[in-house]
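A.B. asks: Okay, here's the structure, questions in a sec.
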Amino acid sequence: MDAADVVEINQVLMRYGMIVDTRAWDDLADVFTKDAVFDTGEFGQGRHDSLDAIRTMFETSNPPYSVNIVNVVVSDGPEPGTARAYSKNIGLLPKGRVGSAAYDDELVKTAEGWRVARRLAKARRAEAS
């Protein structure tokens, strides 16, 4: 993986934020493979095992008003043409609340460019004091 791949992967992750912000669900194919898995179990939304299922999840849920992808770290995947990315999502929620998630992504290089093949969303919650 070279610097151009890292930049492209960052762009894919940022594109996800823009898609959620604008509710452009048909553009999710610019981020996820057709057979992508998006595990949102920690948020009570289960696991979504295809691009169509991911799109339906967004269309039928109440996603954040704004998604900000930060602290992206990209590394080589276990096979050529694969990569791993870790990032945080800071989202603006209803009633002025703010939420945070950590994404653990597995990406593959396709004919269309880098795409997320598997995403695990982990809730980031403040420790009780």
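Every number in this text was worked out from the coordinates using simple rules, so none of it is lab data. Not measured: the values here are computed from a predicted model. All Cβ positions, even for glycine, are placed from backbone atoms using ideal geometry, and neighbour counts span all protein chains on display.
A.B. asks: State which stretch of the chain is the longest one without any exposed trypsin sites (Lys or Arg not before Pro), exposure meaning a DSSP loop state and at most 14 other Cβ atoms within 10 Å.
C.D. replies: With trypsin sites (Lys or Arg not before Pro) excluded where exposed in loops, the chain gives 24-96 as its longest stretch.
A.B. asks: Also, I was wondering about something else. What's the angle, to the nearest 10 degrees (0 to 90), between helix 51-60's Cα axis and the longest principal axis of the chain?
C.D. replies: 20 degrees
A.B. asks: Please determine, in degrees from 0 to 90 and to the nearest 10, the orientation of helix 3-22 with respect to the longest principal axis defined by the Cα atoms of the chain, where the helix direction is its Cα long axis.
C.D. replies: Compared with the principal axis, the helix lies near 30 degrees.
A.B. asks: Roughly how many debye, to the nearest 20, is the charge dipole of the range 3-123 about its Cα centre, given +1 on each Lys and Arg Cβ, -1 on each Asp and Glu Cβ, and no other charges?
C.D. replies: 480 debye
A.B. asks: Another question, if that's okay. Which one of ASN62, LEU107, PRO94 is farthest out on the positive end of the charge dipole of the range 46-129, using unit charges on Cβ (Lys, Arg +1; Asp, Glu -1) and the Cα centre as origin?
C.D. replies: Comparing the listed Cα positions along the dipole, PRO94 ranks first.
A.B. asks: Which lysines have a Cα less than 20 Å from the Cα of LYS122, not counting those fewer than 8 places away in the same chain?
C.D. replies: Those lysines meeting the cut-off are LYS88.
A.B. asks: What's log10 of I(q)/I(0) for the range 73-129 at q = 0.15 Å⁻¹, Debye sum over Cα points only, no solvent?
C.D. replies: -0.55
A.B. asks: Projecting each Cα onto the charge dipole of the chain (Lys/Arg +1, Asp/Glu -1 at the beta carbon, about the Cα centre), which of MET18, LEU51, ALA117 comes out farthest on the positive side?
C.D. replies: The Cα lying farthest towards the positive end belongs to MET18.
A.B. asks: Mind pulling up the Rg/Rh value for the chain? Radius of gyration and Kirkwood radius, both on Cα.
C.D. replies: My calculation of the ratio gives 0.96.
A.B. asks: To the nearest 20 debye, what is the magnitude of the charge dipole of the range 1-67 about its Cα centre, counting +1 on the Cβ of each Lys and Arg and -1 on the Cβ of each Asp and Glu?
C.D. replies: 220 debye
A.B. asks: Please compute the net charge surrounding VAL7, taking Lys and Arg as +1 and Asp and Glu as -1 over other residues with Cβ under 14 Å from its Cβ.
C.D. replies: Result for the neighbourhood of VAL7: -1.
A.B. asks: At a 10 Å Cβ-Cβ cut-off, how would you order TYR86, TYR103, TYR16, fewest neighbours first?
C.D. replies: If I rank by nearby Cβ atoms, fewest first, I get TYR86, TYR103, TYR16.
A.B. asks: Taking other Cβ within 10 Å of each residue's Cβ, how do MET18, MET57 sort, fewest first?
C.D. replies: Least to most surrounded, the residues fall as MET18, MET57.
A.B. asks: Moving to a separate point now. Quick one: Debye curve from the C-alpha atoms of the range 33-95, no solvent, what's log10 I(q)/I(0) at q = 0.26 Å⁻¹?
C.D. replies: -1.22
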